[in-house]
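Quick note: the coordinates plus some simple rules give every number you see, no bench work behind them. Predicted model, so just to flag it, every value in this text is computed and none were measured. Cβ: placed from backbone, ideal geometry, glycine included. Neighbour counts: every protein chain shown.
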Amino acid sequence: MLEQYLDIKEEVLDALKNNKAVVALESTIISHGMPYPQNAETALEVEKIVRDNGAVPATIAILNGKLKVGLTEEEIRHLGKKGLEVVKTSRRDIPFVVAKGVEGATTVASTMIIAALAGIKIFATGGIGGVHRKAQETFDISADLEELAKTNVAVICAGAKSILDLGLTLEYLETQGVPVVGYKTKELPAFYTRRSGFQVDYKVDSIDELALALKTKWDLGLNGGMVITNPIPEEFEMDFDTINNAVNEALNESFEKGIKGKETTPFLLAKVKEITGGDSLDSNIKLVYNNAELASKIAVQLSEISK
């Protein structure tokens with residue numbers, strides 16, 4: 001049944017059949033993350049970084065009613081040009097986007113789902129979604145967290161976005177049994193900054209240990225993902241107070257305007273970019289590059305020990 005929905009690029013399919021390293025990449029960052037042509041150029045550079053580190057990139061999106069695993073350069077540029085016209089697609093949206101034959105840009109949650117369907121275990125992104133501030137009133141909790149609880153894909157990211165309630169996000173992941181790991185850090189990175197004031201579950205200093213922990217988890221039938229946090233490089237991080245002040249200002253405006261649901265994160269990130277004069281976007285791009293490199297190395301090691 002899956003064959004009528006799943007379209008895996010030949011390069012990716014060959015890698016999967018031969019137990020080579022593959023890294024899944026999302027497409028919301030292309031259509032909803034930044035303007036064209038910067039969005040397409042960033043996505044293509046991320047793919048290059050994955051290849052340079054020994055893995056095969058598999059950018060994921062929904063095109064012409066198909067779950068596409070691995071895009072061509074033309075398809076990436078097409079998504080970049082169409083931008084916000086492409087449907088931001090999470091778990092609940094997949095059947096409708098596919099059935100209508102429209103174009104969908106995959107979030108963390110839907111990228112995990114499609115990656116798992118294809119057999120890809122490693123996914124690089126910017127930052128995961130989480131529990132939004134004032135969630136005790138709004139119940140605004142990202143579908144990313146629920147997906148991490150049940151889908152066997154490791155997500156390499158720069159932590160949770162600093163627009164979120166990081167403490168509640170960690171509590172939610174703990175309840176769901178999702179390990180939150182810091183690569184060479186004890187502190188949860190907060191996307192634009194290397195610190196947050198919150199501790200991760202485990203600090204791991206080697207690629208080998210990360211890959212072995214993943215293999216062990218899934219060998220034991222412990223379903224669900226793992227959040228592997230990778231702090232933004234020091235030279236690209238933003239000032240802690242500057243970014244928090246910008247986030248608070250953006251949050252206050254979102255509450256005043258009644259912005260809710262899947263519109264919240266794009267609004268907040270755009271507002272933070274505006275407040276910081278574009279510095280946040282530059283940091284965003286650098287941390288995505290950094291995550292793609294780490295994810296590729298983990299994927300290579302995981303494929304080696306799984307042979």
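The table below gives the values:
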quantity	calculated
Nonlocal amide H pairs with L164, under 5 Å, H built at 1.01 Å	none
Segment E45-F198, extension gain: residue separation times 0.36 nm, minus the distance between their alpha carbons	51.9 nm
Counting DSSP beta bridges with both ends in the range 21-114, the antiparallel % (nearest 5)	45 percent
Inter-label distance, nm, simple model (7 Å from Cα along the C-beta direction), Y5/Y36	2.9 nm
Residue-averaged [θ]222 nm for the chain, counting only DSSP H segments that reach four residues, each worth -39500 (n - 2.57)	-14500 deg cm²/dmol
V102 versus E73: modelled label distance in nm, points set 7 Å from Cα along the beta carbon direction	3.1 nm
Bridge type composition, the chain - antiparallel percent by DSSP, nearest 5	30 percent
Neighbour cut-off at most 12 other Cβ (10 Å), DSSP loop, chymotrypsin sites (Phe, Trp or Tyr not before Pro), the range 135-192	F139
Long-range HN-HN contacts of G127 with modeled amide H, under 5 Å	A158
For I29, I60, order by how many other beta-carbon atoms lie within 10 Å, fewest first	I29, I60
Full-extension gain in nm, K17 to T216, via 0.36 nm per residue minus C-alpha separation	69.5 nm
When each of K88/K297; K17/K100; K17/K297; K184/K307; K9/K121 is checked by Cα-Cα distance, pairs over 22 Å	K88/K297; K17/K100; K184/K307
Cα lying deepest toward the dipole's positive end in the chain, options V98, V180, N284, charges on Cβ	V98
Interchain or long-range residues, amide H under 5 Å from Q199's placed H	L188
12 Å Cα-Cα reach of K48 towards aspartates and glutamates, excluding residues that sit fewer than 8 places from it in its own chain	E73, E293
Ranking of D93, D282, D52, D144 by count of other Cβ atoms within 10 Å, fewest first	D52, D282, D93, D144
Residues E174, E26, E3 arranged by fewest to most Cβ contacts within 10 Å	E3, E174, E26
